[in-house]
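The values are calculated or read from the model by the stated rules, or taken from the named source; none is laboratory data. Remember, it's a predicted structure, so these values are computed and weren't measured experimentally. Heads up, the Cβs are rebuilt from the backbone with ideal geometry, glycines too, and the neighbour counts pull from every protein chain shown. These area figures cover heavy atoms from the full protein model, side chains too; ligands, DNA and RNA do not enter into them. Shrake-Rupley method; radii C 1.70, N 1.55, O 1.52, S 1.80 Å.
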Amino acid sequence: MMPALEYRQSTPRFLAARGASSTRLGGRMSGVLASSVAPLRLVHRAEPSLPAGEWTRLRPLLSGICGSDVSLLTGRSSPYFGAVVSMPFVPGHEVVAETLDDLPGLAKGSRVVVDPVLSCAVRGGPPCRWCISGQHSRCDRVTGGRVAAGLQTGYCTDTGGGWGRQMIAHAAQLHPVPDTLDDRRAVLVEPLACAMHSVRRAEVPAGAAVLIVGAGTVGLLTLLALRALTKAGPIYVVAKHAHQHTRARELGATEVFEPARAARAVRRACGGTLERPMIGGDFLLGGADVAFECTGAGSGLDMALRLVRAGGTVLLSGMPSGGVDLTPVWFRELNLVGSYASSGSAPRPAAESQTDELETGEPAGGAFAEAIALATAAPLDGYVDAVYPLSRWREAIGHAAKAGQLGAVKVAFDPGRN
């Protein structure tokens with residue numbers, strides 16, 4: 001048996017969490033997390049068993065708390081996902097871990113990061129059309145195969161997740177971590193790989209004016225990826241908090257705007273006219289060429305849609321929640337693009353040539369190989385600034401939910417710590 005944080009969904013739990021999400025976590029939400037209807041519990045559960053094939057047990061060293069995890073626990077996740085998870089599950093998909101079994105080419109005791117997508121290579125059987133093309137994040141078979149349904153590790157009852165003392169993973173999901181990359185940087189590799197994938201999905205033209213809405217982990221790593229992978233022109237960031245302004249400038253933001261003045265600031269920077277409807281936020285006739293929505297909130301998407309020029313692109317990096325007026329998509333003929341996970345993560349060992357590219361436009365070595373290299377070189381010290389044991393999970397979730405207000409970027413669990 002092992003300690004783990006286990007998520008169980010029921011209608012009362014879902015409604016209680018959703019009702020509390022409209023209030024501050026320090027008030028009503030903290031009461032829900034402590035109550036009998038809390039969707040998350042610290043339990044002792046059986047260690048996951050290994051399926052046949054190239055699987056290993058993992059001992060998580062650090063596991064991040066993602067914005068999608070907070071949305072799940074506060075009832076803001078879409079019911080859409082109910083069909084592609086299996087319960088109860090142990091959350092945690094941003095994981096740096098140590099292998100507990102030998103694999104071909106990967107010895108027991110190796111430090112790895114986990115690509116959480118449970119694609120055809122992991123589940124067994126013939127690959128679907130998307131896995132054949134290297135676009136594993138689009139896999140059509142995330143509910144079948146040799147493990148239970150789950151779009152990712154961290155949403156599958158059979159694999160466990162990083163918020164437990166032990167989990168399992170397939171060789172195709174594992175990427176060795178070099179000694180030059182410490183655990184606090186390594187736990188950022190998965191969200192960085194996702195950011196790099198989203199930047200490629202947006203197809204940013206050279207010299208384009210780019211707007212990033214939100215400067216939490218997703219927004220900051222998207223900024224890093226834009227500067228590393230594209231020839232974008234000015235990059236403007238909308239950020240609420242002072243420490244986010246500082247970090248965005250460190251990563252190459254041209255200017256950083258507070259949300260209340262974003263519309264006027266983008267008009268001044270990119271041109272256009274500011275229009276004020278009788279109801280709703282201001283919008284531009286003109287604006288940025290490309291916008292990345294990195295908050296996961298309806299208000300963030302609403303801002304992005306209103307501040308992009310006609311024919312521009314808005315990319316959804318954050319998991320959407322809340323109602324949004326889509327009129328700008330129709331009226332301004334916008335391109336609304338989704339980006340999920342990190343497509344193109346090549347099974348280990350990586351292909352011999354790192355210069356060949358998959359259909360995704362990503363190197364044959366995969367997004368994770370690139371993300372590991374960038375995480376090693378980039379100025380990411382201090383991004384993981386709070387680490388908690390599982391026993392302090394309520395405090396950890398509260399910290400993550402209010403990370404911006406508390407001056408934090410990424411909050412993580414150390415499941416081995418008492």
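Numbers below:
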{"quantity": "Sites THR143 and ARG59, calculated FRET efficiency, Cβ-Cβ separation with R0 30 Å, nearest 0.05", "calculated": "0.60"}
{"quantity": "Listed candidates (i) 25; (ii) 20; (iii) 36 - label of the one calculated as percent of Cα pairs over 35 Å apart", "calculated": "(i)"}
{"quantity": "Amide H within-cut-off set for THR153, under 5 Å, with H built and near neighbours excluded", "calculated": "VAL117, LEU118"}
{"quantity": "Convex hull projection area averaged over all views, segment 52-114, Cα basis, nm²", "calculated": "5.5"}
{"quantity": "In Å², nearest 10: area of ARG227 left accessible to a 1.4 Å probe", "calculated": "90"}
{"quantity": "Bridge type composition, the chain - antiparallel percent by DSSP, nearest 5", "calculated": "55"}
{"quantity": "Value of relative contact order over segment 192-306, rounded to a whole percent, pairs C-alpha under 8 Å and six or more apart", "calculated": "29"}
{"quantity": "Carbon + sulfur, % of accessible area of the chain - ligands and nucleic acids excluded, 1.4 Å", "calculated": "52"}
{"quantity": "Length released on extending from THR246 to VAL337, taking residue separation times 0.36 nm less the Cα-Cα span", "calculated": "29.9 nm"}
{"quantity": "Sum of -39500 (n - 2.57) over DSSP H runs of 4+, divided by residues of the chain (222 nm, nearest 500)", "calculated": "-7500 deg cm²/dmol"}
{"quantity": "Solvent-accessible surface ranking, highest first, for HIS44, HIS241 at 1.4 angstrom", "calculated": "HIS44, HIS241"}
{"quantity": "Cα convex hull volume per residue for segment 140-239 (Å³)", "calculated": "147"}
{"quantity": "Net charge contributed by nearby residues that have their C-beta within less than 10 Å of GLY125 (K/R +1, D/E -1)", "calculated": "+3"}
{"quantity": "Solvent-accessible area per residue, Å², over the chain with all protein chains present [probe radius 1.4 Å]", "calculated": "40"}
{"quantity": "Simple Cβ-charge dipole of the chain, Lys/Arg +1 and Asp/Glu -1, about Cα centre, in debye nearest 20", "calculated": "1260"}
{"quantity": "Inter-centroid distance (Cα atoms) of segment 210-235 relative to segment 136-194, Å", "calculated": "24"}
{"quantity": "Surface accessible to a 1.4 Å probe, LYS240 within the full protein complex, Å²", "calculated": "150"}
{"quantity": "GluC sites (Glu not before Pro) restricted to segment 46-105 and DSSP loop, no more than 11 other C-beta within 10 Å", "calculated": "none"}
{"quantity": "Sequence ranges 323-333, 188-198, 148-158, 128-138, ranked by mean other-Cβ count within 10 angstrom, highest first", "calculated": "188-198, 148-158, 128-138, 323-333"}
{"quantity": "Solvent accessible area, Å² - HIS399, 1.4 Å probe, full protein context", "calculated": "40"}
{"quantity": "LEU315 long-range amide H proximity, modeled H, under 5 Å", "calculated": "ALA291, PHE292, GLU293, VAL337"}
